[in-house]
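Here the structure comes first, spelled out in structure tokens, and everything after it is commentary.
The values are calculated or read from the model by the stated rules, or taken from the named source; none is laboratory data. Values in this document were obtained by computation on a predicted structure and should not be read as measured data. Counting neighbours? That spans all protein chains shown, and the Cβs are built from the backbone with ideal geometry, glycine included.
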Amino acid sequence: MVLRVAVVGGGPAGSSAAETLAKAGIETYLFERKLDNAKPCGGAIPLCMVSEFDLPPEIIDRRVRKMKMISPSNVEVNIGQTLKDEEYIGMCRREILDGYLRDRAAKSGANLINGTMYQLDIPSNNTDPYTLHYADHSDGSATGVMKILKVDVVVGADGANSRVAKAIDAGDYNYAIAFQERIRLPEDKMAYYEDLAEMYVGDDVSPDFYAWVFPKYDHVAVGTGTMKVNKAIIKQLQAGIRKRAAARLEGGEIIKVEAHPIPEHPRPRRVVGRVALVGDAAGTVTKSSGEGIYFAAKSARMCAEAIVEFSNGGTRIPTEADLKVYIKRWDKKYGMTYKVLDLLQTVFYRSDATREAFVEMCSDIDVQKLTFDSYLYKTVVPANPLIQMKITAKTIGSLLRGNALAP
């Protein structure tokens, strides 16, 4: 037999899974509803993703080497002096990144289907196939032509509103909303953001997250995120970031407005039967930083590697227990990162006093190095114990000065 796998969703997660599976000779079907989709997203990727996923330089719009953290009272802290010459945060447009990864999966042998999955029929035993009911849009129509596909394994990479997750009753999770405007700036204003990104904190821009100005190819993405899923509140917060950054955005023209849900924690069940969830569908976005692209692609690759391994290169059908090995490996590798970032968000994002303390702390070189190293290379970096003690003392000192330890 040759194992058949359907990957539903053609973002960084789905494409990474499909590429790994196809390269191993597994019959792979990659579904994507909109081949020109531009997901609303800050679009920042860490340096390790560029090398690990072999990304060419042309898909990175900007190499950000400087970051400004801006406190509720508009105290600005410049971050980035610890970066080496070759180190940067990559800024990309999702339509470019996603298109590249999807095309590469197709070149590796994945069957790319421009389709929308509507229903997944679950078999009653461990060997019968899953049946996907989908609309094929290859005729260019929005309604498409209804078709079915039978496969042995399904990878759900279809985002926060995952239909695959619903089909296997994977359980719900809390989610935040990311809202952003793409703004084209006059040349002099755009020059300011040449290699600089800004993060703003404060109740006026987000009660539980941060707002951002991230540079892109020929515009900046200006947005905010919050768990308060309410249109009026989100509009108010976006007005807040526009006001805070007004002088730097003067003369800008809005070219696109976009919003998207972001999972706040993993789903209760990420593997059920021979169906595995990856990326946003599984809930791999980190707290505190709200980063999702690298973790989506990485979770999908790890899932696909487990499928290749336990199917003996596609010659047998893996079991639920086999697929759950991917979850065990994922949690072992990144569980601590998620816990640390969750704690950071809980401690530092709960009031303007704690946010002032957080921004003050970011001025410390050791804190900056630890933060950048853990972001760029995805390791909770074990700092020298003396430095670790210094950072802990500085954290507590900052919190005390801002009366931020008060309940």
Residue under question is Leu376, and the condition is that it be at pLDDT 70 or above, out of contact with any strand residue (DSSP E or B) (no Cβ under 6 Å at 6 or more places or on another chain), closer than 26 Å to Arg63 by Cα and part of a helix (DSSP H, G or I); does it hold?
no
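Report yes if some residue within region 326-340 is among the aliphatic types (A, V, I, L, M), touching a helix residue (DSSP H, G or I) at 6+ places or on another chain (Cβ under 9 Å), within 22 Å of Leu277 (Cα to Cα) and assigned to a helix (DSSP H, G or I); otherwise report no.
Step one: list which residues in region 326-340 are among the aliphatic types (A, V, I, L, M), which gives 327, 336, 340.
Within this subset, residues satisfying the condition of being touching a helix residue (DSSP H, G or I) at 6+ places or on another chain (Cβ under 9 Å) are 327, 340.
The next check asks that each one be within 22 Å of Leu277 (Cα to Cα); those that pass are 327.
Among the residues that remain, those that are also assigned to a helix (DSSP H, G or I) are: 327.
Within region 326-340 (the criterion being among the aliphatic types (A, V, I, L, M), touching a helix residue (DSSP H, G or I) at 6+ places or on another chain (Cβ under 9 Å), within 22 Å of Leu277 (Cα to Cα) and assigned to a helix (DSSP H, G or I)), the answer is yes, since at least one residue qualifies.
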Test: Arg182 is assigned by TED's automatic domain parsing to the domain that holds Ser299 and either closer than 30 Å to Val77 by Cβ or out of contact with any Phe, Trp or Tyr (no Cβ under 6 Å at 6 or more places or on another chain) (or both):
no
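Quick grid of which residues meet (1) farther than 30 Å from Met361 by Cα; (2) touching an Asp or Glu at 6+ places or on another chain (Cβ under 9 Å); (3) not basic (Lys, Arg):
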residue	(1), (2), (3)
Pro57	yes, no, yes
Arg65	no, yes, no
Pro72	no, yes, yes
Glu95	yes, yes, yes
Ala105	yes, yes, yes
Asn126	yes, yes, yes
Thr143	yes, no, yes
Are any residues in region 224-268 under 17 Å from Met190 (Cα atoms) and in a loop (DSSP other than H, G, I, E, B), and if so, which ones?
Ala245, Glu250, Gly251, Gly252
Residues in region 279-306 that are closer than 23 Å to Ala167 by Cβ, in contact with a strand residue (DSSP E or B) (Cβ under 6 Å, 6 or more places away or on another chain) and of a type outside the set (Gly, Ala, Ser) total 3
For region 106-205, which fully contained strands (runs of 3 or more DSSP E) count at least 3 residues that are at pLDDT below 95 and within 30 Å of Gly225 (Cβ to Cβ)?
175-184, 196-202
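With touching a Lys or Arg at 6+ places or on another chain (Cβ under 8 Å), touching a residue at least 24 places away in the same chain (Cβ under 8 Å) and not assigned by TED's automatic domain parsing to the domain that holds Tyr193 as the only criterion, which of Tyr88, Tyr100, Tyr118 stands out?
Tyr118
Mind counting the residues in region 287-320 that are within 14 Å of Ile262 (Cβ to Cβ) and not polar (S, T, N, Q)? Show your work before the answer.
Residues of region 287-320 within 14 Å of Ile262 (Cβ to Cβ): 287-293, 295-296.
From the residues that got through so far, the ones that are not polar (S, T, N, Q) too are 287, 290-293, 295-296.
Counting residues in region 287-320 that are within 14 Å of Ile262 (Cβ to Cβ) and not polar (S, T, N, Q) gives 7.
Yes or no: region 267-277 includes at least one residue that is within 30 Å of Cys362 (Cα to Cα) and over 16 Å from the mean Cα position of the chain (by Cα).
First pass over region 267-277, keeping only residues within 30 Å of Cys362 (Cα to Cα): none.
No, region 267-277 contains no residue that is within 30 Å of Cys362 (Cα to Cα) and over 16 Å from the mean Cα position of the chain (by Cα).
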Restricting attention to strands (runs of 3 or more DSSP E) lying wholly within region 1-86, give those where 3 or more residues are more than 30 Å from Gly144 (Cβ to Cβ).
62-64, 66-70, 76-79
Does Ala211 count as buried (at least 19 other Cβ atoms within 10 Å of the Cβ), within 17 Å of the chain's Cα centre (by Cα), on the phi < 0 side of the Ramachandran plot and in a loop (DSSP other than H, G, I, E, B)?
no
